Amino acid sequence: MTESETLILAPAPSFSEWLAQKLSRVTSGGALIPEIDGLRFLAIAAVLLHHTMSIYLRESGRSGVEVHSQSAWAAASSQSWLVPLAYSGHFGVNLFFAISGFILALPFAKRSFEKRPAPSLKNYYLRRVTRIEPPYAICLLIFFFFQWQARHLNPQELFPHLLASLFYAHGLIYGAHSTINSVAWSLEIEIQFYLLVPLLVKVFKLSNAAFRRSLLLALIAGGGWLSQHVIYPSGSMPLILSLANFAHYFLVGFLLADLYLNGWFRAEHRLWAGDLLTLAAGAGIVAVLNPYGQFYFALPLLVLALYLGCFLGKLSNAFIRQRWIVIIGGMCYTFYLYHVPIVSALLSKTGFLMIAGRPFWADFMLQCLLVCPLVFLLCSWWFVVTEKPFMRWSLATTAKPKRI
């Protein structure tokens, strides 16, 4: 073989690089805003903390039952400062809503600002169906058969709940979380929002930026007030578990998309003051969700402040842009769908290591150190098996054909 014929082989990637590529999600057109997946990490970490604490309180005997109501959490809060912090983690769902608003608004807003036609609605809805629906349906079917076979629940009684959940209507029909997968309630609200996005994005056709943003800010604040003073007091669970009660969080994402496209979040704008805003907004959310519930209406504004801080803070932004933070955030859909039964099964096996006389924080953190790595391993593997293939399929299905 001559020198010119010598094959030059690229060095094999390291294991960490190979793993990172394997676990990275597939993005539309290869575009990636790392901050968005970093924010997804914050949201899923909060939800995971909430449910891990809830199950831990039951398994450790520190609480007789899994805590769900706010009053039950308040009663458990006397045991440790970690309990009210973990309770606040349920708000990670609301953080997800704001992220969804950002992602879905972005292509429509970009086209509006550039005076170009809106994206194809056919592709928009097809991408939602091919990307979101298959992993969701797989999850519901697995959970249905598990409850039927392992828990010996009546399949004839479960089946109507399965159908309602598959069509994202369980909350509207039954006024309760899905009996197949309790966390599916938030996905039903996401779907309601997806259907309305093509109408809601008309706001970006308003050419006066100050008026457009003021309108979005007023709708966000008004939605928070409506939720606290009208929707929750009504006691109507179908209404509480509907988009009407959460639309203002999606609109936070709309406003962030507007600012993002207009250059507000460029690297040169990052300041230490942004980190102070992140800390203040995060502390404010925890405070409102615990002793200061009378300010519940302010939560969507605090989410806006939190995300502004994450985009504009030096340390905040650096953290959410870390590669593995971004990668884990990109797998949040699988983590969200499956984490509750996995955590419950694992904590039921590690309960013999729980010691009532040990300080609460030490006992809980030990369980987290045992359980969280296994949750990551199982969910990341399942992401590769059941979610990532549909990312590729969705992208291929909605890709524009190349001209010859």
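The values are calculated or read from the model by the stated rules, or taken from the named source; none is laboratory data. Here the structure is a predicted model, which means the values were calculated and not measured. Glycine gets a Cβ as well: all are built from the backbone with ideal geometry, and neighbour counts include every protein chain shown. The accessibility values were calculated without ligands, DNA or RNA, using every heavy atom of the protein model including side chains. Shrake-Rupley method; radii C 1.70, N 1.55, O 1.52, S 1.80 Å.
Could you tell me which helices of the chain pass both thresholds, a Cα extent of 24 Å or more along their own axis and a mean Kyte-Doolittle hydropathy of at least 0.0, with helices taken as whole DSSP H runs?
Answer set is 34-59, 92-113, 121-149, 209-226, 272-289, 332-350, 360-382.
For Cα pairs less than 8 Å apart in space and 6+ apart in sequence, what is the mean separation divided by the residue count of the range 156-301, i.e. the relative contact order in percent?
25
Calculate, in whole percent, how much of the Cα-Cα pair population of the range 17-141 lies beyond 23 Å.
53
GNM, the chain, Cα, under 10 Å: largest mean-square fluctuation among 314, 115, 388?
115
Can you give me the orientation-averaged projected area of the convex hull built on the Cα atoms of the range 79-169, in nm²?
Its average projected convex-hull area is 9.8 nm².
Select from 294, 86, 384 the residue farthest towards the positive end of the dipole of the chain; place +1 on Cβ of Lys and Arg, -1 on Cβ of Asp and Glu, and compute about the Cα centre.
Selected residue: 384.
Given the C-alpha atoms of the chain, compute the convex hull and give its volume per residue in Å³.
Taking only Cα atoms, the chain has a hull volume of 207 Å³ per residue.
With the calculation restricted to Cα positions, what are the radius of gyration and Dmax of the range 308-403 in angstrom?
18.7, 70
Any idea what the relative contact order of the chain is, in percent, if you count C-alpha pairs under 8 Å spaced at least 6 apart?
Over the chain, the number comes to 28 percent.
What pairs from 349/388; 110/205; 115/205 go past 18 Å between their alpha carbons?
349/388
Can you give the calculated 222 nm mean residue ellipticity of the chain, where each DSSP H run of n ≥ 4 adds -39,500 (n - 2.57) and the sum is split over every residue, rounded to the nearest 500 deg cm²/dmol?
Mean residue ellipticity at 222 nm (helix-derived): -21500 deg cm²/dmol.
Once every Cα of the range 51-120 carries one equal point scatterer and solvent is ignored, give the base-10 log of I(q)/I(0) from the Debye formula at q = 0.17, 0.18, 0.22 Å⁻¹, two decimals.
Summing over Cα pairs of the range 51-120 leads to -0.65, -0.69, -0.89.
Scale the Cα Rg of the range 255-352 by the rule-of-thumb value 2.2 N^0.38 Å and send over the ratio, two decimals.
It is 1.36.
Cβ neighbours within 10 Å, averaged per peptide: list 165-174, 71-80 in order, most packed at the top.
The densest-packed peptide leads the list: 165-174, 71-80.
Carbon and sulfur: what percent of the range 194-297's accessible surface (1.4 Å probe)?
Of the solvent-accessible surface of the range 194-297, carbon and sulfur hold 73 percent.
If you consider only alpha-carbon coordinates, what radius of gyration and Dmax does the range 184-332 have, in Å?
16.4, 47
So who's got an amide H within less than 5 Å of the one on residue 271, skipping anything under 5 residues away but keeping other chains? H placed 1.01 Å off N, in plane.
The list, which skips near neighbours in sequence, is 313, 314.
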